[in-house]
Amino acid sequence: MLPSPDDGAVNAVYLDANATEPLRPSAATAMLEAASLVGNPSSVHAQGRRARALLEEARAVVARRLDADPLNCVFTSGGTEANVQALHGFAPGRRILVGRTEHDAVRKGVPEGALVEWLEVDSTGQVRLDLLEETLARPHALPALVCLMLANNETGVLHPIAEVARLCARYGAHLHGDAVQAVGRIDVALHAQGFGSLACSGHKLGGPKGAGALLLAGPAPRALAPLFVGGGQEQGRRGGTQALPAIAGMARALEEALDAPADHASLRDRFEKAACQAGAIVCGAGAPRLANTSCLALPGLRAQGQLMRLDLEGFCVSAGSACSSGKVAFSHVLEAMGLKDLAGQAIRVSLPWNVRQDDVERFAAAYARLAAGRANAVPVAGGMA
Ligand code: PLP
């Protein structure tokens, strides 16, 4: 049974899509259908074969929609596992180049003892291509594994992936992309964009929590060391019975996200304009960004306080990335962008696929009231023109 909704959560406006997207009804239906199947996809009898057929159908969808070969789509429990498996699988015999603003799944997923070099970003949050090239060009006994996210979870900033991929190809580096925040929001294509591997996550695109995929480049099954050996599922690359309902839900959510993409840009732009008039600074504003993400700093107002005020007014937003302790963690992303002073004063507003315009307008007004309450703040008219 669900906990009783006595805390206002049911009526709260949800603007924290980068933590997790609301489940799409079509994904819920697909999950229910899959859950009604009895068989284990590894069983050879009729019920097992039915479950296997559904599993392979989902694999074909995920692979085809992200320009991968189904033979090289490994289902995982989510984005963290997919990233960690790529790091562990491709690190042996390579030096690892990791972006400063990567998610902890990557920053902390690097295998112990690996040789890690950090890739700096500029003040907008984009990777410094000059430094990347310098690092790749430096003579080294080990080839490189470059790990960069396509879209940042805190700021929405997009790296110049086409240029990054060109450099990786020129210097023979394997490019691993953390596409967790990108899939369903911008174009993601494993082969066409020159990735060696890509990680994605079901719950960031309106699917359920508990499913993800690691896509590997190549048309023939590619060997990759498993994190879990187990029963040899996923062609020996990920042991454990596949979470069929979650995988089926993820595949359906992906189809919907790509076939009916949300159009957030104009709503976000109007909201950011109102927020800036109220005194906010948009972190990463100078770079191309996800259309659903705003990282807003209010100098002089601690993020924790902002979150509490907005929560009391019925708005769910977050500071930086969601973190398991429930505390607001210091943002290594803003620090890497040279915005350390703002790091404790920034919140993230991320519009979900089903956001309503009037909810964003109400949020803009609440945010303007919050900003106007700061010491020495110049009162401004709220609302989104
Ligand atoms: N990578 C990025 C950029 C993320 O934002 C997240 C989750 O916030 C992850 C990886 C981890 O994904 P998951 O929650 O599916 O493990």
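The values are calculated or read from the model by the stated rules, or taken from the named source; none is laboratory data. Bear in mind the structure is a predicted one, so any value in this text is a computation, not a measurement. Cβ placement follows ideal geometry from the backbone for every residue including glycine, while neighbour counts extend to all protein chains displayed. SASA here: full protein model, heavy atoms, side chains in, ligands and nucleic acids out. Shrake-Rupley method; radii C 1.70, N 1.55, O 1.52, S 1.80 Å.
For segment 187-243, residues that are outside any loop (DSSP other than H, G, I, E, B) and more than 30 Å from Asp16 (Cα to Cα) total 3. For segment 152-196, give me each residue that is within 18 Å of the chain's Cα centre (by Cα), closer than 27 Å to Cys283 by Cβ and among the aliphatic types (A, V, I, L, M). Listed by number, the residues that qualify are Val157, Leu158, Ile161, Leu175, Ala179, Val180, Ala182, Val183, Ile186, Val188. Is it fair to say Pro70 is under 30 Å from Leu312 (Cα atoms) and either in the same structural domain as Ala179 (by TED's automatic domain parsing) or more than 16 Å from the ligand (Cβ to nearest atom) (or both)? Taking the combined requirement at face value, the residue does not satisfy it. Selection of segment 158-180 for residues being out of contact with any helix residue (DSSP H, G or I) (no Cβ under 6 Å at 6 or more places or on another chain), within 18 Å of Val106 (Cα to Cα) and crowded, with 23+ Cβ neighbours inside 10 Å yields His159, Ile161, Val164, Gly177, Ala179. For segment 148-187, a tally of residues being within 13 Å of Gly79 (Cβ to Cβ) and not small (Gly, Ala, Ser) returns 8. Checking each residue in segment 57-68 for being touching a residue at least 24 places away in the same chain (Cβ under 8 Å), touching a helix residue (DSSP H, G or I) at 6+ places or on another chain (Cβ under 8 Å) and open to solvent by 40 Å² or more (accessible area, probe 1.4 Å) picks out Glu57, Arg65. The residue of segment 102-155 that is nearest to Leu87 (Cα to Cα), among those that are open to solvent by 40 Å² or more (accessible area, probe 1.4 Å), away from the ligand (no atom under 16 Å from the Cβ) and of a type in the set (Asp, Glu), is Glu112. Arg252 - would you say it is touching a helix residue (DSSP H, G or I) at 6+ places or on another chain (Cβ under 7 Å), open to solvent by 60 Å² or more (accessible area, probe 1.4 Å) and in a helix (DSSP H, G or I)? It is true that Arg252 is touching a helix residue (DSSP H, G or I) at 6+ places or on another chain (Cβ under 7 Å), open to solvent by 60 Å² or more (accessible area, probe 1.4 Å) and in a helix (DSSP H, G or I). The requirement of being within 16 Å of the ligand (Cβ to nearest atom) and either under 20 Å from Ala63 (Cα atoms) or open to solvent by 10 Å² or more (accessible area, probe 1.4 Å) (or both) is satisfied by Ala199. Does Thr101 satisfy being part of a helix (DSSP H, G or I) and modelled with pLDDT of 95 or more? Answer is no for this residue. Count of segment 74-95 residues, restricted to those that are open to solvent by less than 50 Å² (accessible area, probe 1.4 Å) and within 16 Å of the ligand (Cβ to nearest atom), is 12. Among the criteria (1) within 16 Å of the ligand (Cβ to nearest atom); (2) of a type outside the set (Phe, Trp, Tyr); (3) not in a loop (DSSP other than H, G, I, E, B), the one Ala51 does not fulfil is (1).
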